[in-house]
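Beneath this line is the structure, given in structure tokens, with notes to follow.
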Ligand code: GDP
């Protein structure tokens, strides 16, 4: 996410950080480089010029040149301005109402249906009773897609495959929701490949008919400047309440995230960073600004972990660790929980300083595949008692998992070390040493 921009901004600022004595000339050239980094990332030229002008004014105002740590202060100013540019405070969605109705609009392929599923899952986890509505009367496949997602996240999906009136379907869905005590209705609408008049009229009519509490515009961040233009057109017609930026896990240049707020004056409320149902984040401009500047985003990382981890399972595994009974089944379960947190590279990028280090590394969720395959090829007994895995068992496991003996050996060795470490910590904890060490 934003790798390119991150890279260029960091290069621009690095000169200033490393400078023994900062001069007006260094600051001016750094500001120029910041502007170039922004325009290269697809940020609209005027937006880039305005923000760098403000950065320059603030730098003068706060006397960056004669401050104790000019580099740090400069970075802080850039962080503040990026935060402002992306909307300042995080904005939540309005889900008051009986039921609250959320209308999802955007072009075809922007990620509306995927986002609808994610939002349903997100709200369900908050304890809300949600109904998803498939209001695409043109593509029967879109109804099926939403049904699959609904099933996956455990949310009911309303559809009328025979009905060709989008307004009616939406109205029927809302009254059905009211009858059955649903608290939030998410209406996934039809999109076209490009903005067209018939589509706009249809969604306007749906909006008028169901009077949503929240209208969200979904846009693919990979489309760069086009994303901003589409947002403008939709906003002129729908006057939406917020933006959802999708596909930020791709190597989008990020300009859309940075310019949309200024151009349509509507906040970005969610970002989507993958195809999995968990890859949804509330958009926090300040955290995103820190991330863009390579300062990491530990808060989001912890929140993702809290969402993904099953507390009962965590307690169960913790108890096993304490009794030195942690086995390969537990290990596999932990791996699966980590994968649920989303794209691994994306997660690592939330650790300060890590983004840059792993930028060229090829890590994705598939990196776990050989490990999972090896564990799956073990018998239940072997998983519980890896010490019984001798030469011939290793051969069988390697063949069964499509790996080789070295990979099996490596995993067994790492697992053994992990268990030793757990044992050590348990003994230390028992003797009170751990507390001392932690302190
Ligand atoms: P719709 O036509 O607007 O409903 O779009 P879909 O929800 O069908 O999404 C179009 C494609 O983009 C699908 O293949 C999705 O799996 C994919 N997609 C949606 N959101 C994301 C995302 O955040 N990241 C990635 N990588 N793919 C996404």
- Can you give the three extents of the C-alpha atoms in region 100-295 along their principal axes, from longest to shortest, in whole Å? 49, 37, 27
- Task: Could you list the residues of region 100-122 with an amide nitrogen less than 13 Å from a label point located 7 Å from the Cα of residue 195 in the Cα-to-C-beta direction?
- Result: 106-107
- Message: Only counting other Cβ atoms within 10 Å, I'd like 427, 213, 114 sorted with the fewest neighbours first.
- Response: 427, 213, 114
- Task: Could you please state, rounded to a whole Å, how far the C-alpha centre of region 113-186 is from the C-alpha centre of region 197-223?
- Result: 15 Å
- Message: Could you tell me what a quarter of the Cα convex hull surface of the chain works out to, in nm² with one decimal place?
- Response: 26.2 nm²
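May I ask you to sort 292, 169, 338 by Cβ crowding, counting other Cβ atoms within 10 Å and putting the fewest first? Please report the intermediate quantities before stating the final value.
On the way: 292 27, 169 23, 338 15.
So the ranking, lowest neighbour count to highest, is 338, 169, 292.
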- Query: Can you sort 428, 350 so the residue with the fewest Cβ neighbours within 10 Å comes first?
  - Reply: 428, 350
- Normalised contact order of region 100-295, rounded percent, pairs of Cα under 8 Å and 6 or more residues apart: 24 percent
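Considering only DSSP beta bridges whose two residues both sit in the chain, what percent are antiparallel, to the nearest 5? Let's see the in-between values first.
On the way: 3 of 30 bridges.
Of those bridges, close to 10 percent are antiparallel.
Taking 0.36 nm per residue of separation and subtracting the Cα-Cα distance, what length does fully extending residue 98 through residue 50 add?
Numbers: separation 48, 0.36 × 48 = 17.28 nm, distance 4.28 nm.
Computed gain between residue 98 and residue 50 is 13.0 nm.
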- Query: Antiparallel DSSP bridges in region 100-295: what percent, to the nearest 5?
  - Reply: 10 percent
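Please compute the contact order of the chain in relative form: average sequence separation of alpha-carbon pairs under 8 Å and at least six residues apart, divided by the residue count, as a percent.
Over the chain, the number comes to 16 percent.
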- Residue separation between residue 410 and residue 427 times 0.36 nm, minus their alpha-carbon distance, gives in nm 3.5 nm
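Would you mind calculating the relative contact order of region 3-85 from Cα pairs under 8 angstrom and at least 6 residues apart, reporting the percent as a whole number?
Working: 60 pairs, mean separation 26.4, N = 83.
Relative contact order of region 3-85: 32 percent.
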- What number, rounded to the nearest 500 deg cm²/dmol, is the helix-based mean residue ellipticity at 222 nm of the chain, given -39500 (n - 2.57) per DSSP H run of at least four residues and division by all its residues? -18000 deg cm²/dmol
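Per 0.36 nm of contour for each residue apart, how much would the distance between residue 60 and residue 175 grow if the chain were fully extended, relative to their Cα-Cα spacing?
Details: separation 115, 0.36 × 115 = 41.40 nm, distance 5.87 nm.
Answer, rounded to one decimal: 35.5 nm.
If R0 is 41 Å, what FRET efficiency do you get for residue 232 and residue 24 from their C-beta distance, rounded to 0.05? Kindly include the intermediate steps, with their values, before the conclusion.
Numbers: r = 38 Å, r/R0 = 0.92.
Efficiency, rounded to the nearest 0.05: 0.60.
We did not get these values from a lab; they are worked out from the coordinates using the rules stated. This is a predicted model, so every value here is computed, not measured. Counting neighbours? That spans all protein chains shown, and the Cβs are built from the backbone with ideal geometry, glycine included.
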